[in-house]
Amino acid sequence: KTMQRVELQIEETFAPRPVAVRQALQKGTEFLSQMGVESARLDAELLLSKALGCTKERLYLNYEMALETAVKDLYCYLLQRRARREPLAYITGEREFWSLRFHVTPEVLVPRPETELLVEVTLELAKRLEKIHPIKILDLGTGSGAIAVSLAKELDDIEVWATDLSAPALEVAQSNALRHGVSEKIHFIEGDMFCPVRGQRGFFDMVVSNPPYVRQSELQNLAPEVRTWEPKLALVGGSDGLDFYRRIMAEADRYLTDRGIVALEIGADMGSDVCRLIANADRFSPASVYQDYAGRDRVVVARKLPADAIY
Ligand code: SAM
Ligand code: GLN
């Protein structure tokens, strides 16, 4: 009820008189912060840019310009969507990842900045592979294609197999590959985990994944943007959040070349659990854990040991 009242307020604020960019930003920011949005100013700027069809910088070059009614109405509508805590990226249809612009829809997880660490670590390892060409990488649960497309952009000699259980997600991933000119390097295949690459035993130099890893019971504690808007299929990894790591480590060695590498994003408190899963898989070297920019455990890497190294 309170929410409805505040929403009416924003319409009244804008309806009657001429509103300049400056006021629109100020009122929009107030409105969003009242509704509990953290990055209220930035979001108001981005939504007004969207309504005007201009860049954020342009707003400040036209700070005293009065908004046309149609723009004002559209801006109000966008503010109200954001006030219902719809992620900004779903409203604008865009998110930047690895300095590339990705198309996103509610069918895909919004790419997270911490996932750039997985790309960074994967690139570092890929460059060191003493290798045969091209490098073959499997990206399990590609979502928007953030990881697959970024890797394909960075490495000339690469071929990626990108899978997802969600057909609409794969369509988004495909559109991102097109947008960034890397369609030729990526195979998009729908299916459950390793199913789409069943025939490709001992084939991949690297298996990478940012699997769903939220514990079922913790979903309710996440931000409303995540918990009510992002796909559950992209988030929940079973009751302890580790379901996908168990499934990946049960099968990864079958699909990797000798000395092939598995690189996985993990939840900040999952380092020791995932390392233990890898140790128990016993075809792998001891795992390394990498920290993200916030200093939290974020990526786990292990190498498959060749058969003759096992006794
Ligand atoms: N790779 C993207 C990223 O890092 O932004 C998306 C990661 S999201 C956490 C996990 C992805 O796994 C989702 O796109 C979801 O649809 C997909 N997924 C969930 N269960 C799956 C399964 N059983 N097999 C394949 N993909 C699955
Ligand atoms: N980073 C997401 C969150 O906790 C989860 C992503 C994932 O499950 N891979 O909000």
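List of remarks:
- Pairs, first at positive phi and without any contact (Cβ under 8 Å) to a residue 60 or more places away in the chain in the range 185-197, second aliphatic (A, V, I, L, M) and buried (at least 20 other Cβ atoms within 10 Å of the Cβ), C-beta under 8 Å, six or more apart: M193/L140; M193/I248
- Every residue from the range 113-157 that is at pLDDT below 95 and touching a Pro at 6+ places or on another chain (Cβ under 6 Å): D157
- The set of residues in the range 235-288 being in contact (Cβ under 8 Å) with a residue 60 or more places away in the chain and acidic (D, E) consists of E265 alone.
- Single unsatisfied condition, A148 versus (1) more than 13 Å from the chain's Cα centre (by Cα); (2) near ligand 1 (Cβ under 9 Å from one of its atoms): (1)
- Members of the range 110-148 found to be closer than 22 Å to D192 by Cβ and among the aliphatic types (A, V, I, L, M), listed by number: L118, I137, L138, L140, A146, I147, A148
- Strands (runs of 3 or more DSSP E) contained entirely in the range 256-311, each with at least 3 residues that are among the hydrophobic types (A, V, I, L, M, F, W, C) and modelled with pLDDT of 95 or more: 256-265, 297-303
- Taken as a whole, the structure leaves S209 outside the set of residues that are away from ligand 2 (no atom under 11 Å from the Cβ) and either crowded, with 16+ Cβ neighbours inside 10 Å or among the polar types (S, T, N, Q) (or both).
- A single entry from P111, P87 fulfils the requirement of being closer than 20 Å to S49 by Cα and surrounded by 19 or more Cβ atoms within 10 Å (Cβ to Cβ): P87.
- Residues in the range 220-241 that are away from ligand 1 (no atom under 14 Å from the Cβ) and in a loop (DSSP other than H, G, I, E, B): A223, S239, D240.
The values are calculated or read from the model by the stated rules, or taken from the named source; none is laboratory data. All values derive from a computational prediction rather than experimental measurement. So basically every Cβ, Gly included, is an ideal-geometry build from the backbone, and we count neighbours across all protein chains shown.
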